[in-house]
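Step one of this worksheet: look at the structure below.
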Protein chains: 2
Amino acid sequence: MSDKKKIYKPKPISGYPEWLPQVRRVEQQWLDHIREVFESYGFCNIETPAVEALEVIAAKGEDVDKEIYVLERLQKEEGDKEARLALHFDQTVPLARYVGQHFNDLVFPFKRYQTQKVWRGERPQAGRFREFTQCDIDVINVDNLPLSLDAEMPKIIHEVLSGLDIPPFEIRISNRKILLGLLDYLEVRNKTEVTRIIDKIEKLSEDSIEQLLKEHGIDEADSSEILWLALCPDLDAVFPHNEMMQEGLEELQFVMDQLSHLPNVVADLSIVRGLDYYTGTVYETMFVDDPSYGSICSGGRYDDLASSYINKKLPGVGISIGFSRLFAKMHTQLDTGRISPADVLVILNSEDDRAAASEIADTLRKNGNAVELYHAPQKFSKQLSYAEKKGIPFVWMPPFGDTVEHKVKTMATGDQVEADYKDWKAADA
Amino acid sequence: MSDKKKIYKPKPISGYPEWLPQVRRVEQQWLDHIREVFESYGFCNIETPAVEALEVIAAKGEDVDKEIYVLERLQKEEGDKEARLALHFDQTVPLARYVGQHFNDLVFPFKRYQTQKVWRGERPQAGRFREFTQCDIDVINVDNLPLSLDAEMPKIIHEVLSGLDIPPFEIRISNRKILLGLLDYLEVRNKTEVTRIIDKIEKLSEDSIEQLLKEHGIDEADSSEILWLALCPDLDAVFPHNEMMQEGLEELQFVMDQLSHLPNVVADLSIVRGLDYYTGTVYETMFVDDPSYGSICSGGRYDDLASSYINKKLPGVGISIGFSRLFAKMHTQLDTGRISPADVLVILNSEDDRAAASEIADTLRKNGNAVELYHAPQKFSKQLSYAEKKGIPFVWMPPFGDTVEHKVKTMATGDQVEADYKDWKAADA
């Protein structure tokens with residue numbers, strides 16, 4: 001071993017967020033809250049491996065605009081034959097594969113939530129994550145799924161987001177059948193491109209949208225009709241030109257009726273989602289004062305989840321919280337300074353007191369407190385300062401010298417009171 | 001869309017475990033329990049990205065016997081220059097990098113727990129995981145760290161494992177200074193190889209160990225002295241030939257004295273761990289009736305965590321639960337049949353009753369119950385059978401027809417009683 005050991009000074013990797021313990025603590029509380037709400041509606045949890053066979057990810061055969069990371073074994077030997085593996089880029093493909101693979105072992109409607117990291121191998125660029133956490137809920141059924149579940153999704157998301165410390169938000173809902181019905185009626189051929197243009201309505205001016213539609217061969221009359229629909233604030237004002245539009249309007253009305261008690265859940269016919277995957281209800285969620293931040297929670301109804309993997313009709317509806325984007329926007333305001341989960345730090349007066357201090361700590365723990373025993377018999381002021389730096393709210397002072405009583409100090413106020421460790425609880429203090 | 005769509009029938013990927021919801025539910029309970037115990041000792045949580053720069057993983061310069069997965073972007077363009085990224089194969093390297101990178105923002109002693117997946121790109125083979133979860137705790141300090149923390153680690157692990165539904169286990173503790181001191185005294189040169197041979201003592205016969213030692217140039221007299229030490233059941237019987245042995249024996253005695261109240265924590269001088277990384281106390285944990293399963297929880301003391309990344313002396317002590325191996329061994333016995341987290345299923349008598357049923361579900365949820373509202377007004381027997389299949393313990397029956405009272409049915413017994421949804425709690429029922 002030489003003293004001149006080479007030091008590799010680590011740098012953050014672009015796109016891979018990492019938090020200090022006091023921020024991670026808040027992140028855990030957010031994730032706990034989300035889990036609690038999802039479970040309170042009877043959603044079970046699943047977790048799938050971080051990787052899928054590349055064939056699974058490619059099975060959809062869509063234009064893959066997701067950037068995919070494939071794995072290579074560093075020490076791969078020549079001639080090793082194995083499936084190529086890729087990190088999942090969302091939780092929908094793994095869900096579809098999971099349902100296809102375990103179909104006979106699942107009970108339908110299958111209601112599951114899933115909170116995992118996903119990876120996108122994009123070029124590194126500011127503000128884009130390459131690793132991020134998504135919190136998804138989906139309900140899948142065989143053959144058909146009642147529309148009432150389309151209304152349950154935003155209700156759950158409303159409850160989740162209302163419990164987080166975030167700025168005012170708005171859940172916007174539409175039904176793709178309305179716009180697609182109109183495009184049918186107008187005999188527009190390249191519907192996918194047109195819906196993708198309308199999907200940009202939040203970011204672009206009306207003029208730019210018209211220009212883009214024109215470039216895609218939509219004439220002025222059709223273009224204004226499409227734009228009028230997308231921007232129409234009143235469902236009753238929309239004339240259903242065909243059955244598809246009619247169906248979309250009725251479905252959307254049904255969903256909105258069930259959500260009428262939630263003022264920040266609104267119908268918005270410009271919501272179409274870029275993906276052809278969705279066939280009915282679609283959702284987006286915006287910050288009211290910062291819609292340009294984009295949707296923090298999106299999803300919708302699909303007719304056909306897993307037909308790439310199994311010969312069954314499996315309609316579903318789902319919604320996904322872009323957790324990392326949401327948390328990253330807020331995290332600087334969320335640092336409470338509380339690093340340690342400990343409720344109380346037990347002071348160690350001397351090495352001779354260790355057994356007694358350890359017993360106090362154990363008893364306090366049995367009472368339901370999280371307890372740290374200070375690691376060394378250092379000066380009292382140093383131990384206090386440690387509690388302060390770690391944000392531990394109480395300090396337990398066992399007797400020392402001639403004293404016989406135990407005292408507990410509340411760090412926020414400096415107050416000290418006598419207490420009995422046999423029945424003390426931080427929650428009551 | 002053609003009806004003859006190609007179906008890719010998904011298969012499990014060797015080494016990547018995945019559970020059905022009812023097993024995942026138990027896995028979550030285990031992970032919750034582990035988190036609760038870790039936090040009750042004041043350990044904070046961190047999470048690091050799944051990837052590190054390849055230089056970071058390679059910085060230790062040790063013989064890398066871990067198989068590493070590197071990432072390749074599927075759509076990488078020519079000329080893209082970026083750091084090569086690799087999936088972490090443990091949580092110790094990321095911890096060292098994290099401490100080096102965030103040193104100025106951390107409060108020491110830094111006590112952290114970390115529960116994440118890690119990946120090893122091994123050749124696929126039966127019983128070997130390539131993705132698995134580890135639960136680590138470590139305490140790191142600057143310059144020095146009291147030995148009492150070496151005793152706290154197995155105490156915590158004892159509490160964790162005692163709370164899980166697993167067969168009897170035994171935590172075995174030694175101190176590497178004892179064996180290394182003896183090897184010094186015997187002037188053995190290839191200590192690393194010899195410790196790795198002793199590390200196999202659980203799996204091989206005494207004869208095989210002697211044979212291996214002989215092959216590594218250890219003569220018969222030395223070989224028996226080494227074996228005698230490794231198998232010696234009594235610390236007091238060991239004669240300290242030098243200071244290092246003396247120190248090791250004293251440290252081990254100190255640790256064992258603090259754990260004397262735990263009968264299944266034992267000193268075992270054959271425990272050395274294969275890694276040169278450890279410098280003092282070392283731990284392994286075996287099933288009493290199946291030691292050949294190998295260690296389910298291991299760790300030890302190290303002098304120097306992060307000197308590859310920062311010019312500081314950072315000693316620490318840590319222990320890691322091989323969660324996936326432990327859980328996978330048990331999982332077939334752990335299926336409780338409870339798929340849904342819902343405490344109660346609310347029956348939907350008819351579409352007209354939906355608003356009322358939904359209000360009942362909401363109120364029950366506000367009372368602290370997890371509640372599923374059945375999705376469609378199907379036959380009562382079908383709704384009951386759904387509750388049974390998902391393992392939902394109670395069924396709420398709102399009034400129907402001429403009845404006015406609400407009833408709740410306990411699925412396990414079939415009992416039905418009148419109840420008021422405004423204050424009903426599953427926990428009390």
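The values are calculated or read from the model by the stated rules, or taken from the named source; none is laboratory data. What you see is a predicted model; the values in this text were computed from it and never measured. Please note: Cβ atoms are built from the backbone with ideal geometry, for glycine as well, and neighbour counts cover all protein chains shown. We work out accessible area using only protein heavy atoms, side chains counted, and drop any ligands, DNA or RNA first. Shrake-Rupley method; radii C 1.70, N 1.55, O 1.52, S 1.80 Å.
The rotation axis taking chain B to chain A passes closest to this chain B residue's Cβ, listed with the gap in Å: B:E72, 3.
Take the alpha carbon atoms of the range B:239-336, find their radius of gyration, then divide it by 2.2 N^0.38 Å using N residues; give the quotient.
Working: Rg = 16.5 Å, N = 98, 2.2 N^0.38 = 12.6 Å.
For the range B:239-336, the normalised Cα radius of gyration comes out at 1.31.
The slack between B:S292 and B:A237, meaning 0.36 nm per residue of separation minus the straight C-alpha distance, is 17.1 nm. Here B:T192 yields copy-to-copy label distances, from shortest upward, of 5.5 nm, the label point defined as 7 Å from Cα along Cα to C-beta.
Evaluated at 25 °C with a viscosity of 0.890 mPa s, what Stokes-Einstein diffusion coefficient in µm²/s does the range A:344-428 have when Rh comes from the Kirkwood expression over alpha-carbon pairs? Using the Kirkwood radius from Cα pairs, D works out to 193 µm²/s.
Quick one: net charge of B:M245's neighbours, Cβ under 13 Å, K/R +1, D/E -1? Please list the in-between numbers first.
Details: positive: B:R176, B:K177; negative: B:D184, B:E225, B:E243, B:E247, B:E250, B:E251.
Here the count lands on -4.
When DSSP beta bridges are restricted to pairs lying wholly in the range A:344-428, around 55% turn out antiparallel. In this label model, B:E388 and A:K389 are separated by 6.2 nm, measuring between points 7 Å along each Cα→Cβ vector. If R0 equals 60 Å, the separation of the Cβ atoms of B:Q378 and A:S350 corresponds to a calculated FRET efficiency of about 0.30. A full extension of the chain between A:Q246 and A:S162 corresponds to an added length of 26.9 nm, given 0.36 nm per residue minus the alpha carbon distance. Between 0 and 90 degrees, the angle of helix A:323-334 with respect to the longest Cα principal axis of chain A falls at about 40 degrees. Treating the angle as unsigned and between 0 and 90°, give the value, to the nearest 10°, between the Cα long axis of helix A:148-162 and the longest Cα principal axis of chain A. Tilt relative to chain A: about 40 degrees. In nanometers and ordered shortest first, the copy-to-copy spacing of the B:S292 label point, defined 7 Å from Cα toward Cβ, is 6.8. Label separation (B:V142 vs A:E215): 5.7 nm, computed from points 7 Å beyond Cα along the C-beta direction.
In the assembly of identical copies, B:D143 has its label point, taken 7 Å from Cα in the direction of the beta carbon, separated from the corresponding points by 7.5 nm (ascending, one decimal).
Report, to the nearest whole %, how much of the accessible area of the protein assembly as shown belongs to carbon and sulfur atoms, 1.4 Å probe, protein only. Solvent-exposed carbon and sulfur of the protein assembly as shown make up 48 percent of the total. For the range B:328-354, the residues whose backbone nitrogen is under 16 Å from a point 7 Å from the Cα of A:D105, taken along Cα to Cβ, are B:328-340.
Computed over chain A, the Cα gyration tensor eigenvalues convert (square root of 5λ each) into semi-axes of 52, 27, 22 Å, ordered from largest to smallest. For the range B:65-192, the Stokes-Einstein estimate of translational diffusion at 10 °C and a viscosity of 1.306 mPa s comes to 84 µm²/s, using the Kirkwood hydrodynamic radius over alpha-carbon pairs.
Counting other Cβ atoms within 10 Å of each Cβ, which trypsin sites (Lys or Arg not before Pro) in the range B:85-172 have at most 15 and sit in a DSSP loop?
Working: sites: B:R97, B:K111, B:R112, B:K117, B:R120, B:R128, B:R130, B:K155, B:R172; in loops: B:R120, B:R128, B:R130.
Filter output for the range B:85-172: B:R128.
Between the helical axis of B:380-390 and the longest alpha-carbon principal axis of chain B there is an angle of about 0 degrees.
Please work out how much length the chain gains when fully extended from B:K6 to B:T403, using 0.36 nm per residue of separation minus the C-alpha to C-alpha distance, in nm with one decimal. Intermediate results must be reported in sequence, preceding the final value.
Numbers: separation 397, 0.36 × 397 = 142.92 nm, distance 5.29 nm.
Using 0.36 nm per residue and subtracting the Cα-Cα distance, I get 137.6 nm.
Shielding of peptide B:12-25 by partners, expressed as the average count of other chain Cβ atoms within 10 Å per residue Cβ, is 5.
Rg and Dmax over the alpha-carbon atoms of the range B:288-414 stand at 25.3, 80 Å.
Using alpha carbons only, the radius of gyration of the protein assembly as shown set against its Kirkwood radius gives Rg/Rh = 1.00.
Under the criterion of Cα pairs below 8 Å and six or more residues apart, the relative contact order for chain B equals 15 percent.
Among the trypsin sites (Lys or Arg not before Pro) within the range A:355-396, those in coil by DSSP and having at most 10 neighbouring Cβ atoms inside 10 Å are A:K379. Only helical runs count toward this figure. For chain B, summing -39,500 (n - 2.57) over DSSP H runs of n ≥ 4 and dividing by all residues gives -10500 deg cm²/dmol at 222 nm.
Taken along the Cα-to-beta-carbon direction at a fixed 7 Å, the label points for A:L54 and B:N190 span 4.1 nm.
Taking 2.2 N^0.38 Å as the expected size of a compact globular protein, what ratio does the Cα radius of gyration of the range A:172-281 give against it, to two decimals? Mind showing how you got there, number by number?
On the way: Rg = 13.3 Å, N = 110, 2.2 N^0.38 = 13.1 Å.
In units of the 2.2 N^0.38 Å rule of thumb, it is 1.02.
For the range A:173-276, applying the loop criterion from DSSP together with a ceiling of 12 other beta carbons within 10 Å to the GluC sites (Glu not before Pro) yields A:E187.
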